[in-house]
């Protein structure tokens, strides 16, 4: 039972949402799959729970110039199965790994981002496509790269009064494909112990993002540099993976995966992804 | 605290109420609507006992506020059976012995119903994916999966036979292939 005492509002207009959100003690409610647990455990005590699902501007998955817009209030199941996200495969797959089907029907992509979890399944795919976050407040709008929005475990650069409106992914390059792999203790209804998203155009222009390796989901820039020196070889992939493994120091207290396990799995997941993305392709 | 006016349709019946903003949909259904078929299990969104259909999709009613259900169409496990007959899924669950203590079953049944609406002839993988978030401490997963397949086959056969296209024959038990049931250990 939730014993907290708060007001509930579900405005239809973005302006009204922002006005309510500017007041102290307001807490945004998107899918509620995390918020209701916090309320039930008395870990938060908002004076106002502000349901953002009534605002049209926060909904929708549609093409925009140079890429794809996804509204913050879109359920992750919609992100997983929408025809337009299939060109951003690592995102669709990552979103499809969250919780279980029933959780995914409610949990939103905005919530998955704003929780700031290092193991957020939708975020590696977003980072692969250099996603920007669109933030709105009564003061106006600002857009910044998602990578800079993620500040640390449970911390994002969401300022008081701001609402995440949505994300914009940049369209893949010619022949660009991606893949998401994660490892968890049990298949389904578990959080990621380690995850990797890989983008490449054939065996070129690699992008790599990892979940649960660093304090935030992040791109593996050094490994990308090594791989993009080319020409691609298994040796080069091993070198790139070694650069990641040598640079991470996961905490031992994680209940989901030991540092040794994460380090052992990173090269494996990268290799699986590169092989899968180039299955059947011929390379000189 | 304010009272939130809600108007929703539960199992085909319009309900208007003023709800406490802290009340979950689960407790609204059980305590206000008197529909105790939906079970309160972990109340953390982990076990699936509280699953209901909300606008056609299975969701966990323990992590949804009643206020959020304003304007929604909800179906609970009570909507499955008619006065004359159990739903083909319920019949198949009985035939396969898929129900032991029964606590998880209301959630599993609505999840299975939604699955069969998405995939009338589901693969093993699709069944596991759809029911994978439902915890059964009696360990009846195998029998549940078989029951869903049996119900799917029965519904497809009934659909083919039914002149009115209602989906399955109402009134009277469905027949199940004998050998399939005898196969079970």
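Derivation of every value follows stated rules applied to the coordinates shown; laboratory data play no part. Since the structure is predicted, the reported quantities are computational estimates derived from the model, not experimental observations. Counting neighbours? That spans all protein chains shown, and the Cβs are built from the backbone with ideal geometry, glycine included.
Just a few scattered comments:
- Taking 18 Å as the cut-off, the amide N atoms of region B:44-58 that come nearer than this to a point 7 Å along the Cα-to-beta-carbon line of residue A:1 belong to B:44.
- Pairs of alpha carbons in region A:105-223 whose separation is greater than 23 Å (percent): 31 percent
- Over the protein assembly as shown: Kirkwood hydrodynamic radius from C-alpha pairwise inverse distances, Å: 23.9 Å
- As a ratio to 2.2 N^0.38 Å, the alpha-carbon radius of gyration computed for region B:4-79 takes the value 0.95.
- Over chain B, the hull volume per residue, using the convex hull of the C-alpha atoms, is 116 Å³.
- The calculated FRET efficiency for the pair residue A:15 and residue A:171, based on their C-beta separation and a Förster distance of 30 Å, comes to about 0.45.
- Residue of A:226, A:194, A:208 that the Gaussian network model of chain A assigns the largest fluctuation, springs spanning Cα pairs under 10 Å: A:226
- Tilt relative to chain A, helix A:259-277 - C-alpha long axis, 0 to 90 degrees, to 10: 70 degrees
- Estimated from the Cβ-Cβ distance and a Förster radius of 45 angstrom, the FRET efficiency linking residue A:157 and residue B:36 is about 0.50.
- Interatomic Cα distance distribution for region A:84-145, bins of 10 angstrom, percent: 20, 50, 24, 5
- Against chain A, whose longest principal axis comes from its Cα atoms, helix A:234-247 is set at around 40 degrees.
- With the simple model of a label 7 Å out from the Cα in the direction of the Cβ, residue B:126 to residue B:156 spans 0.9 nm.
- Net length gained if the chain between residue A:272 and residue A:141 were fully extended (0.36 nm per residue, minus Cα distance): 43.2 nm
- With Rh defined as the Kirkwood radius, the inverse of the mean 1/r over Cα pairs, the Rg/Rh of region A:56-170 is 0.93.
- Structure remark: mean-square fluctuation, Gaussian network model of chain B, C-alpha springs under 10 Å; the largest value among B:145, B:40, B:123 belongs to B:123.
- Three-way shape label, region A:1-119, alpha-carbon gyration tensor, a/c 1.5: oblate
- Taken over region A:1-45, the ratio of Cα radius of gyration to 2.2 N^0.38 Å equals 1.22.
- Among A:15, A:59, A:256, the largest mean-square fluctuation in a Gaussian network model of chain A (Cα springs under 10 Å) belongs to A:15.
- Using alpha-carbon coordinates, inclination of helix B:141-161 to the longest axis of chain B, degrees: 80 degrees
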